[in-house]
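Note sheet for the following structure.
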Amino acid sequence: MAQFCWSDITIDMGKGDRSFSCTDLSSMPQAADPTMSFVHEYIHYLQSLGSVAGARWLSEMIDVAVISALLLDEHIPPNAVGSKPAHQVPPFLPIVDILRKHPDGAARSMPIQTRFQSLHAEGARIFSHHSYDYAGKASHFEVVRQRVGGEDYWGYVTVRRRFQPFNVTFIAENMARALDQRLKRACGFGAHSWATGRCEDELYNGLRHVLEQSRYAHNVAPQYLGDIAIVLCALALATGQPDAALEDMLERLADVRTLGGLPVTVARELQLHLGDNLHATPFNNVIDQIQRGPAAAMARVQYMEIYEHLKCLQKVGNTVLHDPSFFVDGETTWQRVISWLGNFGLTRVVASDGPVQAVGPAASRVALSELLEQAWRVLT
């Protein structure tokens, strides 16, 4: 089964029983299976790393990767970790090549390991698919708050009496599923279906089930349920605390005051409701960090490829801030997906038989994935 790998931001289309070759992917959009799977994972990628939480995590991981290379080649002393090493070393170093020449685990005992372990734990928490034991008294599909990995999260109670947190992956997966169903209708893929089971019910469609509850009926008409789920997800991921923002918007939907009924009016009203929680500063800070932080020591070709990749991701959040109904305004056709690829770019994509060079107008950007892949290798 295809998947988005958050550790090295790769869309892997060659996993499991439902895997796809480069030839399969070249049959998009005529073939339903590869088209639906690719679009789902592409939206998962965009929303995970185009979110405030995901962009912050990615920025920190870039710093850790660069500092690891500088430590391994002794361009900075161990006690320089935590300072601004980019200003202490010769500029324009081939950071990816430095990491690649060192053996697995070479940086495991270096001082940067503490920072890496913290980021590893944070990534596992915000990108996790896991649900957790729930011992409270709330009914299923009720929104509650529970501690997960040392952090308090909003989430909901599943039918199995599990706590499913509203983390980045839950929100991104729900948005991806709702959008791939829009694509299914627009492309006439009526025969396509996803495998049924716990994951499909609780993770991919969890928010939909929450919205189906009677307390939201005043503002969520059945025919717009999927579109409103997309709006909620897009807005939540554009805030610094997506779980809290999602809970806040659900409370507003439960209010008897109307939000206008149509997805576009619901989007605008919820944008106003979130107010100061929505602004471009966090996305801009990520770009500022790569310009002024450790990544400034990178060779210019590697640096510019990563910089342009992050600029594409920055567009995702800024687009939602400008137009919160962007992803539901009009049909989700293949032509529209192609326009997203052209605007937001594409991360590394691999098929069962090798790398995918491009999808539509977008070439696969590999420099950032290679940097992260090599960093994880030497640090673990």
Checklist entry - Taking the condition surrounded by fewer than 18 Cβ atoms within 10 Å (Cβ to Cβ), acidic (Asp, Glu) and under 25 Å from the mean Cα position of the chain (by Cα), does residue 227 pass? => result no
Item to check | Looking only at segment 114-165, and only at residues there that are among the small types (Gly, Ala, Ser) and under 26 Å from residue 372 (Cα atoms), the one that is surrounded by the fewest Cβ atoms within 10 Å (Cβ to Cβ) | outcome: 150
Checklist outcome for this item: The condition of being surrounded by fewer than 19 Cβ atoms within 10 Å (Cβ to Cβ), farther than 30 Å from residue 277 by Cβ, in contact with a helix residue (DSSP H, G or I) (Cβ under 6 Å, 6 or more places away or on another chain) and at pLDDT below 95 holds, among 90, 111, only for 111
Checklist entry - Tell me, which residue of segment 98-145 that is in contact with an Asp or Glu (Cβ under 7 Å, 6 or more places away or on another chain) and of a type in the set (A, V, I, L, M, F, W, C) is nearest to residue 244 (Cα to Cα)? => result 143
Next on the checklist: Condition first: more than 21 Å from residue 144 (Cβ to Cβ) and surrounded by fewer than 21 Cβ atoms within 10 Å (Cβ to Cβ). Now tell me which residues in segment 241-266 satisfy that.
Outcome noted: 256, 257, 258, 260, 261, 262, 264, 265
Item to check | Condition met for residue 291 (polar (S, T, N, Q) and farther than 24 Å from residue 278 by Cα) | outcome: no
Checklist entry - So which strands (runs of 3 or more DSSP E) are wholly in segment 143-212 and hold at least 3 residues that are of a type in the set (A, V, I, L, M, F, W, C)? => result 143-148
Item to check | Selection count, segment 98-141, where residues are part of a loop (DSSP other than H, G, I, E, B) and touching a residue at least 60 places away in the same chain (Cβ under 8 Å) | outcome: 11
Next on the checklist: Which numbered condition in (1) out of contact with any strand residue (DSSP E or B) (no Cβ under 6 Å at 6 or more places or on another chain); (2) crowded, with 20+ Cβ neighbours inside 10 Å; (3) more than 17 Å from residue 49 (Cα to Cα); (4) of a type outside the set (A, V, I, L, M, F, W, C) is the only one that residue 206 fails?
Outcome noted: (1)
Checklist entry - If residue 322 satisfies every condition in (1) under 17 Å from the mean Cα position of the chain (by Cα); (2) farther than 22 Å from residue 97 by Cβ but one, which is the exception? => result (1)
Item to check | Filter result for residue 258 (outside any helix (DSSP H, G or I) and closer than 21 Å to residue 153 by Cα) | outcome: no
Next on the checklist: I'd like the full set of residues that are more than 19 Å from residue 193 (Cβ to Cβ) and small (Gly, Ala, Ser), limited to segment 3-18.
Outcome noted: 7, 14
Checklist entry - Out of 248, 243, which single residue is within 19 Å of the chain's Cα centre (by Cα) and in a helix (DSSP H, G or I)? => result 243
Checklist entry - In segment 158-188, how many residues are farther than 14 Å from residue 243 by Cβ and in contact with a strand residue (DSSP E or B) (Cβ under 6 Å, 6 or more places away or on another chain)? => result 1
Checklist entry - Which members of segment 158-187 meet the condition of being in contact (Cβ under 8 Å) with a residue 60 or more places away in the chain, touching a Phe, Trp or Tyr at 6+ places or on another chain (Cβ under 7 Å) and not aromatic (Phe, Trp, Tyr)? => result 165, 167, 168, 169, 173, 177, 179, 187
Next on the checklist: If residue 171 meets every condition in (1) over 30 Å from residue 28 (Cα atoms); (2) touching a Leu at 6+ places or on another chain (Cβ under 7 Å) apart from one, which number is that one?
Outcome noted: (1)
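The values are calculated or read from the model by the stated rules, or taken from the named source; none is laboratory data. All values derive from a computational prediction rather than experimental measurement. Positions of Cβ are generated from backbone atoms using ideal geometry, with glycine treated the same way; all protein chains shown enter the neighbour counts.
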